[in-house]
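Visitor: Quick one: this structure, given as C-alpha cells, is what I'll be asking you about.
The values are calculated or read from the model by the stated rules, or taken from the named source; none is laboratory data. Owing to the predicted nature of the structure, the values given are computational and were not obtained by experimental measurement. With ideal geometry, Cβ positions are generated from the backbone for all residues, glycine too; neighbour counts draw on all protein chains shown.
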Amino acid sequence: MPEHPHGRLPTTTIGADVSSSLLALLRSLIRQPCHHADYLRRSLSKVLQALQGRLDLSTLNDDPRFTHPGWQAALPQRALQLWQAWQLPLADWLDGLEVAEHERAQLRWLLVQLAAAASPSNSLLNPEVAEAARQSRGQSLCRGGHNLWSDLASGRPFAQPNLDTSHLLGRDIACSPGRVIARHAEFELICYQPLTDQVHDKPLLIVPPPINRFYLLDLTPDTSLIRYALQQGLQVYLISWRNPNPSHCNWGLARYVSASQRALNECLLHSASAQATLTGICSGGLIAALLCAWQAASDHTRQLSAFSLLVTPLDTRLQTDVMRLSGPATRQRLRQRVWRDGYLDARSSGAAFGWMRPEQLVWTPAVTRYALGQELKQNPVTTWGHDHTRLPAQLVEDLFDLLDRDPLGLPGNLQLNGEPIDLGAVTLPSWHLAARRDHIVPWQNTYPGTRLGGEKVFNLCHSGHIQGLLCPPGHPRAHFQHGNANAVSTDDWLASASTVQGSWWPAWSTWLKQHSGELVDAPVHTDGGHGPAPGLYVQQQ
C-alpha cells in the first residue's frame, strides 16, 4: 500500500459520509449544549495560558517540524502555544459526543486535517522559511510561488518530488540479476540468479501485492530482501503483476489465486523440485493464504513445504482510519466509479493514505516546495511510492467483500474456484510478520490465532507498514518480538513473546531454510526467452 499522497483525494466519494457526520455534529449542539460549552470554557482557559506562555509544549520536542532553534523566539513560540491551546481539549470533547462511531472517526479525521493545515510551520512564522527568505533576499519565496503556479497549471495539487532519472529500474533499483522465465496475461515470473555456490533445493516463490510495484522488495542492493534471500542460499522466484487496464475489469481474487497456482507450477518445473516455500506480502499475502487454503480444499498435490506472510491481514475487519472514514455511501460511490472505469486508479487510493498523515505527507512537502522554494529530495522509497498501478474492478469488489464480511473467519463463507475456503484446514508450518506502527494493517489483524492451522510463528517489528519491510541487518534501533502463535489472543501472545535485537530478516531466512530442503549445487539458469529482470510488466504505465 502507498505511503505517499498522489493525485487528488477522492472527495466526491468521501463527501457524502463526511456531510452526514457534520449534520450529526450540528444535532449534538442541540442535544449536548453543556458538553460544547465545557469545551469552549476549557479552550478559553488554554488560550489564556498560551497568551501568558505557560502551556507545556514538551509533546512537540520530537516533531521534526519544530526543531529549528528559531521556534524559541517570542512570536513563533506564542503561535505554537495558541495552536496547541485549542487542540488540547479536543480529545475529551470528541470522545464525549453522542454520535455513531463511524461519525466520530470522520470528525476526528476532519480535525486532524484542520490541525495539520493550521500549523504555524505552514506559515511565514516558520523560522526556517523566514531565514531562507532573508538569506536569499526573497528569492526562495519567488521560487516557491513559481513552483506552486507550475504545479497548479500542470494539474498536480500536491507537492511532488522531481522524479528524474537518478533511480532507474534495473540499474539503481530492482537491480538484482535474474531472468523472466514466463509471461502470461496476469504476470511475469522472474527467476533470480543464485549468489551462492550451493542453494537449498526447494525454491522460494514470492507473491507481492497487486497494489504498487514489487520492487519495494528489491529497492536497492543494501535494502533488498530478495538479494538477502539469495545471499542466504535460497532459490528465489517472484511474481511481477501486470498493471491492468479496463479490459481486465473482471480479474478478481479467484483469477489472482489461479495465476499464483500457475506461477507455482512453473517455479517447480523450472527448478526441478517437487516442493517450494511461499512468501506473500500484504494483499499478496492474502492471495498466498487463499492459495494454500484452496490447495487444502481441493486435495491438491502437496506442492508447498511451508509459507510466510508479511503484514498480511488474516482478520480483515480492519479498524483503521481509512476504513472508519469510508462509510456505506463512500463505498457504494467508489464501487460505481471503479466499475464505470474498469479499475481503481492508485492515485486516488494513494491520496487517501497520504491524507491519513497530512503533517508528514502533505504539508511538510508543501512547505519545502512552495515556502522554501526547494525541490523535494528524491529517494528510492519516493520513487516506488509514486510508481502507480491500477486495481481491476472485480478485485476491488472482492477486497471490499473481505472487509465487509470477514468471510475468512468462518469455514466455507468464501468460495474460490468452486472450493469452500477454510484457513483452519491449512496445516503447513507458517511464519508471520506484523508491524507495530502499521497504519494500513493493524498488527492485531495479522495474528493467525485459531484461524490458521499448522505450526505458527509470529513476529512483531517496531516500525510501520513500509519501513518494517525495509529492515536489513545492521539497521539502527531495529528490534522485534518473537514467539510461537499458540495463544488465542494477541494480548496473551505479547505477554509471552521474547524481544530480539536487530533485524527480523535473519530469523525469517533461517526459518525458511529449515523448510527448504538440502543444499545442492547452484543451477546455471539459461535465458528464459523473455528478457532480464525486472521484466516488462513492472515498467507498464
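Visitor: Out of the residues in the stretch 193-251 that are aliphatic (A, V, I, L, M) and assigned to a loop (DSSP other than H, G, I, E, B), which is farthest from the chain's Cα centre (by Cα)?
Guide: Among those residues, the one meeting the criterion is L195.
Visitor: Of all residues in the stretch 487-513 being surrounded by fewer than 13 Cβ atoms within 10 Å (Cβ to Cβ) and among the polar types (S, T, N, Q), which is modelled with the lowest pLDDT?
Guide: S489
Residue-wise test of (1) at pLDDT below 85; (2) more than 20 Å from the chain's Cα centre (by Cα); (3) within 30 Å of V381 (Cα to Cα).
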{"position": "S273", "(1), (2), (3)": "no, yes, no"}
{"position": "G280", "(1), (2), (3)": "no, no, yes"}
{"position": "L286", "(1), (2), (3)": "no, no, yes"}
{"position": "Q295", "(1), (2), (3)": "no, yes, no"}
{"position": "R302", "(1), (2), (3)": "no, yes, no"}
{"position": "L314", "(1), (2), (3)": "no, no, yes"}
{"position": "W339", "(1), (2), (3)": "no, yes, no"}
{"position": "G354", "(1), (2), (3)": "yes, no, yes"}
{"position": "R357", "(1), (2), (3)": "yes, no, yes"}
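Visitor: Give me a count of the residues in the stretch 67-91 that are farther than 13 Å from A115 by Cβ and free of Cβ contacts under 8 Å to residues at least 40 places away in the same chain.
Guide: 6
Visitor: So E375 ticks every box in (1) within 26 Å of W505 (Cα to Cα); (2) surrounded by fewer than 19 Cβ atoms within 10 Å (Cβ to Cβ) but one. Which box is left unticked?
Guide: For E375, the failing item is (1).
Visitor: Right, another one. S150 passes all but one of (1) among the hydroxyl-bearing types (S, T, Y); (2) part of a loop (DSSP other than H, G, I, E, B); (3) more than 24 Å from the chain's Cα centre (by Cα); which number fails?
Guide: All conditions are met except number (2).
Visitor: Can you tell me which residues in the stretch 377-397 are closer than 20 Å to I466 by Cα and aliphatic (A, V, I, L, M)?
Guide: Within the stretch 377-397, V381, L391 meet the criteria.
Visitor: For the stretch 514-541, which residues satisfy the criterion of being polar (S, T, N, Q) and loosely packed, with under 12 Cβ neighbours inside 10 Å?
Guide: If the condition is that a residue be polar (S, T, N, Q) and loosely packed, with under 12 Cβ neighbours inside 10 Å, then T526, Q541 are the ones that fit.
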